[in-house]
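Peer 1: Take a look at this one; I'll ask things after.
The values are calculated or read from the model by the stated rules, or taken from the named source; none is laboratory data. Given the structure is predicted, the values throughout are model-derived calculations rather than measurements. In this analysis, Cβ positions are derived from the backbone assuming ideal geometry, glycine residues included, and neighbour counts consider all displayed protein chains.
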Amino acid sequence: MFLAALTLTILQAAPAVWRNYDEVFDFATVRGAPVAATNGGLLRWDGAQWLPLSSPAGVRRILSADPLMIQLSDERVLRQDGEGWTVVTSDTARSQDRPDAASYKLGAPPPGYIYCSIRDGDSLLAGTSEGIFRSTADGWRREEVPTAMPVSRPNGFARLGGDTLVGGLGGAWVGFPMHWEQISKQPVRQILGVGSDAWIVYGNGAVDKVDLSAERLYPDVFYGAVKRPWCSCVAQVGDSLAFGGQGGWMERGANLTERYPKEIDGDVVMAIAGRDGIRWIGTQKTGLLRFARGRLAAWNPGNGLQDTWVTSLCLAPPEGLFVGTATGGLYRLMGDSISPVDCPTKRITHLALWHDRLVVGAMDGAFLRDGDSWRELPTGAEETTALDQVGHDLVVTTASGVHFVSWDDAQRTRE
Amino acid sequence: MRFLAIAPLLAAASLSGAQTVMSVYNRDTHEPFVLKSVKVESTVVGPIVRTSTLLTYDNPYTKLTEATLNFTMPDAGALSGFAYYYGDEYVPGQLMDKSKAWFIYTAITSRGRDPGIMEQWSPTQYHCQIYPIMGGRDLRIRLYTLDFLKPDGTKLALPKPEVPIAVGYEVKNGDHGKLDWSVRSVDAPSVTYEGDGYSVPRLGESVQAVAQRFSDGRTYVAGIFQTPDLPQGQTRDIKIIDARYEAANQPDAGADVTNQVQHIVDSGAGAVDAANTVFGDPAPNQIKRLKVSYSVDGVQQTASTPENGTMRFRGPDAVPTLEIPDLRDLKTVNVGSNAVAFMGWVPSNRELIAQAGGQKFEFRPQGIAQGSDLARLWAQQMLATGRFSGSREVLDFSLKYGVPSNATALLAVPSTEMKLFREKEVEWQKQEAERRRREREIARQSRGWGGRGGGGGQNWRAGGGGDPEIRVNLTGAQSADARFADGRVVPLTPTNGAGPAGGSGGGTPSSQWGGNFEIPASEPEGTYPVQVEAKMADGSVKKMQWTYQVDRTPPVGKATFAHEGGHTFIEVRSEPKLNEVAVFDEHGKKWTLKEVSPGVYRVQLPNSRHGKKLVVVMKDMAGNKGEITCSWPR
């Protein structure tokens, strides 16, 4: 049911993926051409343009050129192996000339922090926190790289009409590749698109509403409107929206209502699902609770849900409610009975339905449930930070970018 | 650069008998532009008249010239549009945020000096600049206005437009231009020409009104209410207490005209023109007003009329207070000695009842084609007399109805300049977006989100990944970076105050710098350094270092039971300062243990058993979880 361990972390061909290559940590000359190690992966200069090499994201150093070996941000060392990469342990250190970019008297230095530099013919390339710059007679010139994302670690995505809203540690942007407008600088926790609107939950608990059709942003919508204007999650429940918070949740439908049950006092609501008058609330410390017709039921390590930290919920009739947990894997609640579900990962971050199949986003990849088996989706086994759908495609945002997975691509992946 | 920038905008043409165009002159030389022709087209719709006025001035200048145009508006009227001709091109004005219009105008105009002050002296007086005027071509301006007909005995008269032939910066008394004036009526009785003006017969009712649906879904109503005329021979006792003809912006510059006004009133006139021709010019080169305190039949009142306007004296009961209970946001304006124009809205057209002087008058407004005319007449009065919570509300209201205000301006841009106009518009929008974003960020910071209040600094992910914050006090820093073990350098930004020390933002330099960084999901357990390096305003470099820990070790512990005083307690011994220790039974009930001493956690359990099994869950601050399974004590 589950593929082999991560000795091979392969970036399979080619669902579309948006990455940010703006942070350039290292250069090396590989087979006569400059190669850059960036937050989005490796880039290679072919004499006319920078093109991405198939590689993991988050590359910090290029340890050797032949064989090509790289070190990632988590200090893992990988060696190129055909089209893929193999994790190895190595003390290989690279010795290459590292000219000091600052020693070139070219007037003002390039913007950002200069991480590295390398000669390329008669010019010098500088890798910075804001891109690749090439020295010219007139000063530094920014090189065009295939950056499609305004942020290196997206946490949220929504497609509204022809525009896309993305959010990450550096804030929220709206637009499309190469044409982004920043609408907020606050770190984004979650984005939910509903019709032509989008709701942004920030890391500091504030919630903004974005109406792209009117090009308006409504900041901090709950400030002054509810007792505890601090949000941890948002979900669509029928025709209304539910916002989880500290010790309770708010629902915005025809009216704005708040509920703060004493059973979750002091806890944080991590996920919400609902149908008619029933609400399932997933928390950090109290497990799963169901509020229905004035009655409360709870599931936690005492009665079958081994992890109190519920990260995600997905209502999937007729199978019931799927419950994702932080370290305890996947569960299914049918009626009042909860049971574990065999799953390739124990560290679930998101759940979604796609073509009526369950998709699990986790700290170690994204997986599609196919009957009783699972397929790993081609997202490089990276941490899933959000799940969404655009048309018939599944959108998986990861620590390194946004992956657009078609149904055909998903069918071609391994079980 | 061919722009017509018009301040709170555009005065309307004439319809009140007041002078519409007060002066048109060359801004550099102050010489007047000479009027060549005035073509007026009026359309009567019930008690309302729409007017389009084309003013053509001779332009003797062969090089680029700027003209200044001053207008007055009638009290009850509204401007519905403005345009000018650049050569043969008809260029309509766009109503927009005044700051945006000025940004575009001043950014593009290459005159190298302040294009002038845009002021709204009152809701009825406006100032406009037209630049440049094509050399060798006439200056042509078109105004579109709305107003009410003026009751005149048994008729409703169209106020006659009056435009001086030449009035420059140094105001000169010019003859009025000859009008080419055509009038037609729609949904109104036939118009007749008599003497030197047009009129329609009064229908005989006290109330004449029209209703029109606007795009916001409301139906706006506008009309005229007239009281019966005074019985034959009855007069009112009008005494002038104090009257001054003075500069509007400098009241000290003026003249006492009490005796002159009293003389005019005593001669039987019920109105006085506020004009230099009547009182002389006590404040040359300044716009003036007539301000009068007077009593009618013993009741004291005060009135003010701008230069070239007409002040009418009326008694307290000439027009009783008008009420129309079902007409929402009712606004009224006197339009005659015994007539009031009124405006308001209803959800849909219907029978209404006007109440005045103890009498009731039923009427049903005549429906006219959907449009914005009546909404604009009402909005004009709302802007003149309504209460708004701020300039933003005024701007939004003004733009919604397309009516000028002190928050808006009209900008007319010929097609040849549209590309530049759009670029500047985009630039302005970016600036505004950035300004709004800064305001939001500051407002959020002031709410103290950083882990205080409801958040409590929760770590979102168990086992790694997250967005920790850095907050450092660095008074006097110009820049600051945070450097991490994996080589990344994250720039820090000021989180309060105006910005870095020595920056151009002004204000108090920020003392607190901050930023967010991520901990990779797979980062191994260990201690990791973070170094902050700041460049100070005095050129020195300040360094600070601390560490963060990645903890992936779940807590372990041991659970025991105790019976004390007839009660059962569960006690768990583990590491101190755990985030939470809780025990769950088979029915899902939860009890949270308290740390009674370092590493010792305790809670009282019910004496009766709840099933067989208990599960104790221990969670540390990093979210690592340890479990102990035990049985209920016997």
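Peer 1: Test residue A:264 against the stated conditions and say whether it is farther than 28 Å from residue B:581 by Cβ, more than 9 Å from every other protein chain (Cβ to nearest Cβ) and touching a residue at least 12 places away in the same chain (Cβ under 8 Å). Even if it seems obvious, please write down each step before you answer.
Peer 2: Details: farther than 28 Å from residue B:581 by Cβ: no; more than 9 Å from every other protein chain (Cβ to nearest Cβ): yes; touching a residue at least 12 places away in the same chain (Cβ under 8 Å): yes.
Answer is no for this residue.
Peer 1: Right, something else. If you take the residues in segment A:234-257 that are under 20 Å from residue A:293 (Cβ atoms) and within 13 Å of chain B (Cβ to nearest Cβ), which one is farthest from the chain's Cα centre (by Cα)?
Peer 2: A:248
Peer 1: Right, next: Suppose we filter segment A:144-162 for residues that are outside any strand (DSSP E or B), out of contact with any Leu (no Cβ under 6 Å at 6 or more places or on another chain) and within 14 Å of another protein chain (Cβ to nearest Cβ); how many remain?
Peer 2: 2
Peer 1: Suppose we keep only residues that are free of Cβ contacts under 8 Å to residues at least 40 places away in the same chain and outside any strand (DSSP E or B) within segment A:170-183. Which one would you say is farthest from the other protein chains (Cβ to nearest Cβ)? Reasoning before the result, please.
Peer 2: Initial filter on segment A:170-183 (free of Cβ contacts under 8 Å to residues at least 40 places away in the same chain): A:170-176, A:178-183.
With the extra rule that they be outside any strand (DSSP E or B), the set shrinks to A:170, A:178.
On the way: A:170: 8, A:178: 17 Å.
So, considering only residues that are free of Cβ contacts under 8 Å to residues at least 40 places away in the same chain and outside any strand (DSSP E or B), the one farthest from the other protein chains (Cβ to nearest Cβ) is A:178.
Peer 1: Give the residues of segment A:370-390 that are under 16 Å from residue A:312 (Cα atoms) and more than 14 Å from chain B (Cβ to nearest Cβ), sorted by residue number.
Peer 2: From segment A:370-390, those under 16 Å from residue A:312 (Cα atoms) are A:383-388; that's our starting set.
Once the filter is applied, which keeps residues that are under 16 Å from residue A:312 (Cα atoms) and more than 14 Å from chain B (Cβ to nearest Cβ), segment A:370-390 yields A:387, A:388.
Peer 1: Quick check: anything in segment A:245-256 modelled with pLDDT of 85 or more, under 30 Å from residue A:162 (Cβ atoms) and assigned by TED's automatic domain parsing to the domain that holds residue A:162?
Peer 2: To start, the set of residues in segment A:245-256 that are modelled with pLDDT of 85 or more comprises A:245-252, A:256.
Then keep just the ones that are under 30 Å from residue A:162 (Cβ atoms); that gives A:252.
Adding the requirement that they be assigned by TED's automatic domain parsing to the domain that holds residue A:162 leaves A:252.
Yes, the conditions are met somewhere in segment A:245-256.
Peer 1: With the requirement that a residue be more than 14 Å from chain B (Cβ to nearest Cβ) and either exposed (fewer than 14 other Cβ atoms within 10 Å of the Cβ) or under 9 Å from the mean Cα position of the chain (by Cα) (or both), what does segment A:391-400 give you? Can you show your working first?
Peer 2: Step one: list which residues in segment A:391-400 are more than 14 Å from chain B (Cβ to nearest Cβ), which gives A:391-396.
Once the filter is applied, which keeps residues that are more than 14 Å from chain B (Cβ to nearest Cβ) and either exposed (fewer than 14 other Cβ atoms within 10 Å of the Cβ) or under 9 Å from the mean Cα position of the chain (by Cα) (or both), segment A:391-400 yields A:391, A:392, A:396.
Peer 1: Sticking with this one: Give the number of residues within segment A:277-306 that are in contact with a strand residue (DSSP E or B) (Cβ under 9 Å, 6 or more places away or on another chain), assigned to a loop (DSSP other than H, G, I, E, B) and more than 7 Å from chain B (Cβ to nearest Cβ). Before you say what the answer is, go through the steps one by one.
Peer 2: As a first pass, look at segment A:277-306 and keep what is in contact with a strand residue (DSSP E or B) (Cβ under 9 Å, 6 or more places away or on another chain): A:277-293, A:296-306.
Narrowing further to those that are assigned to a loop (DSSP other than H, G, I, E, B): A:277, A:284-287, A:293, A:300-306.
Filter again for more than 7 Å from chain B (Cβ to nearest Cβ), leaving A:277, A:284, A:287, A:293, A:304-306.
Count: 7.
Peer 1: Something else: Among A:141, A:189, which is the only one that is basic (Lys, Arg), away from chain B (no Cβ under 12 Å) and not in a loop (DSSP other than H, G, I, E, B)? Walk me through it before giving the result.
Peer 2: On the way: A:189 fails: away from chain B (no Cβ under 12 Å).
Going through A:141, A:189 in turn, just one is basic (Lys, Arg), away from chain B (no Cβ under 12 Å) and not in a loop (DSSP other than H, G, I, E, B): A:141.
Peer 1: In this structure, is residue A:186 outside the structural domain of residue A:45 (by TED's automatic domain parsing), polar (S, T, N, Q) and free of Cβ contacts under 8 Å to residues at least 24 places away in the same chain? So that I can check it myself, show each step before the final result.
Peer 2: Numbers: outside the structural domain of residue A:45 (by TED's automatic domain parsing): yes; polar (S, T, N, Q): yes; free of Cβ contacts under 8 Å to residues at least 24 places away in the same chain: yes.
Here the answer is yes, as residue A:186 does meet what is asked.
Peer 1: With B:596, B:541 as the choices, which residue is out of contact with any Cys (no Cβ under 7 Å at 6 or more places or on another chain) and more than 30 Å from residue B:482 (Cβ to Cβ)? Full working, then the answer.
Peer 2: Details: B:541 fails: more than 30 Å from residue B:482 (Cβ to Cβ).
Answer to the check: B:596.
Peer 1: I've got another one for you. Since residue A:330 meets every condition but one in (1) within 24 Å of residue A:57 (Cβ to Cβ); (2) among the hydrophobic types (A, V, I, L, M, F, W, C); (3) free of Cβ contacts under 8 Å to residues at least 40 places away in the same chain, which condition does it not meet?
Peer 2: (1)
Peer 1: Of the residues that sit in segment A:206-222 and are of a type in the set (Asp, Glu) and within 10 Å of another protein chain (Cβ to nearest Cβ), which one is nearest to residue A:156 (Cα to Cα)? Give the steps one after another, and end with the answer.
Peer 2: Filtering segment A:206-222 for residues of a type in the set (Asp, Glu) gives A:208, A:211, A:215, A:220.
Now drop any that are not within 10 Å of another protein chain (Cβ to nearest Cβ), which leaves A:208, A:215, A:220.
Values: A:208: 13, A:215: 19, A:220: 18 Å.
This residue is A:208.
Peer 1: Please work out which one of (1) of a type outside the set (D, E, K, R); (2) farther than 18 Å from residue A:322 by Cα; (3) in contact (Cβ under 8 Å) with a residue 40 or more places away in the chain is the condition residue A:386 fails and give its number.
Peer 2: (2)
Peer 1: Quick one: residue B:579 ticks every box in (1) surrounded by fewer than 19 Cβ atoms within 10 Å (Cβ to Cβ); (2) within 14 Å of chain A (Cβ to nearest Cβ); (3) at pLDDT below 90 except a single one, so which number is it?
Peer 2: (3)
Peer 1: Inside segment A:192-205, can you point out the residues that are at the interface with another protein chain (Cβ under 10 Å from one of its Cβ atoms) and at positive phi? Reasoning before the result, please.
Peer 2: Just the residues of segment A:192-205 that are at the interface with another protein chain (Cβ under 10 Å from one of its Cβ atoms), to begin with: A:202-205.
Hit for segment A:192-205 is A:205, nothing else.
Peer 1: Can residue A:132 be described as free of Cβ contacts under 8 Å to residues at least 24 places away in the same chain and of a type outside the set (Gly, Ala, Ser)? Write out each step before concluding.
Peer 2: On the way: free of Cβ contacts under 8 Å to residues at least 24 places away in the same chain: no; of a type outside the set (Gly, Ala, Ser): yes.
For residue A:132, the condition - free of Cβ contacts under 8 Å to residues at least 24 places away in the same chain and of a type outside the set (Gly, Ala, Ser) - is not met.
Peer 1: Considering only residues that are under 20 Å from the mean Cα position of the chain (by Cα) and hydroxyl-bearing (Ser, Thr, Tyr), look in segment A:16-69 and name the one that is surrounded by the fewest Cβ atoms within 10 Å (Cβ to Cβ).
Peer 2: Of everything passing the filter in segment A:16-69, A:54 is surrounded by the fewest Cβ atoms within 10 Å (Cβ to Cβ).
Peer 1: Okay, moving on. Can you report the number of residues in segment B:534-564 which are more than 30 Å from residue B:575 (Cβ to Cβ) and not in a strand (DSSP E or B)? Explain how you work it out, then say what you get.
Peer 2: Going residue by residue through segment B:534-564, those that are more than 30 Å from residue B:575 (Cβ to Cβ) are B:534-543.
Within this subset, residues satisfying the condition of being not in a strand (DSSP E or B) are B:537-540.
The number of residues fulfilling the criteria is 4.
Peer 1: Also, quick follow-up: Just to be sure before I move on: is residue B:43 more than 17 Å from residue B:72 (Cα to Cα) and in contact (Cβ under 8 Å) with a residue 60 or more places away in the chain in the structure I sent?
Peer 2: Values: more than 17 Å from residue B:72 (Cα to Cα): yes; in contact (Cβ under 8 Å) with a residue 60 or more places away in the chain: yes.
Judged against the criteria, residue B:43 is a match.
Peer 1: I'd like the full set of residues that are aliphatic (A, V, I, L, M) and surrounded by 23 or more Cβ atoms within 10 Å (Cβ to Cβ), limited to segment A:184-213.
Peer 2: Let us first name the residues in segment A:184-213 that are aliphatic (A, V, I, L, M), namely A:188, A:191-192, A:194, A:198, A:200-201, A:206-207, A:210, A:212.
Once the filter is applied, which keeps residues that are aliphatic (A, V, I, L, M) and surrounded by 23 or more Cβ atoms within 10 Å (Cβ to Cβ), segment A:184-213 yields A:188, A:191, A:198, A:200, A:201, A:206, A:207, A:210.
Peer 1: Please return the ranges of strands (runs of 3 or more DSSP E) entirely within segment B:57-107 where 3 or more residues are within 23 Å of the chain's Cα centre (by Cα).
Peer 2: Result: B:78-86, B:89-97.
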